[in-house]
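Beneath this line is the structure, given in structure tokens, with notes to follow.
Read-outs throughout are calculated quantities, based only on the coordinates presented, and are distinct from any laboratory measurement. Remember, it's a predicted structure, so these values are computed and weren't measured experimentally. Here the Cβ is made from the backbone with ideal geometry for all residues, glycine too, and neighbour counts use every protein chain on show.
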Amino acid sequence: MYNELYELWKKEGENDELQRLPKNFYGKITDYVKKLNVENRMLDKKTVKAQLLDIEVSNFKVMVKELFSLRYKKLREKAFSLEPVSRDILSEQEKKMYEMALPLAESYCAFSKNILHGHLSVVTQEMKQQICVLRFVQEIPALVGSDMKTYGPFMPEDIATLPIENARIFLRKKMAVKVNSN
């Protein structure tokens, strides 16, 4: 795991774009840290092996923290510039965090646009989940939404209201168009 982390850490630092993580990468890191902690408790602290393990643990934690930091910065920049991010390169945990960050980024962009148009909008925290009305342009099988409700199936020209997280996917892939409520 140490060598795998090193290669990923190095690759992430050398590239401007987010790099693909192996499946269950953060789970593997967690398991490796647990293994190191168990091994560290079993060793006599005065041995060379214990000292080398301490160095390995220290280096491992530095790389993990830097990898997190690099990925967080890249993901934050993408979210706040409203650039799409390929879900294939994100871990399951990162996908959820990115989806939670998007509404904030969209609200911030709308707020700044309003300011530049001479309108001071009131910022409120909505308690209900955001929804979006879509018109589908192609056939879509039934799906389970982010709110755990079943939606669809949809045929071309069908109109439906979906959670914003799901709607974004269809809009980005041009499988549906947004219906304005005005």
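Observations
- Placing a label point 7 Å from the Cα of Val33 along the Cα-to-Cβ direction, the residues of region 49-77 with a backbone N closer than 19 Å are 53-73.
- Cα shape, the chain, gyration tensor, a/c 1.5 rule: prolate
- Calculated [222 nm] ellipticity per residue, helices only, for the chain: -18500 deg cm²/dmol; basis is -39500 (n - 2.57) per DSSP H run with n ≥ 4, divided by all residues, nearest 500.
- For peptides 87-95, 161-169, 38-46, sequence by mean Cβ density within 10 Å, most packed first: 161-169, 87-95, 38-46
- In the chain, Cα pairs under 8 Å separated by at least six residues give a relative contact order of 16 percent.
- Residues with amide H under 5 Å from that of Met175, placed H, sequence gap 5 or more: none
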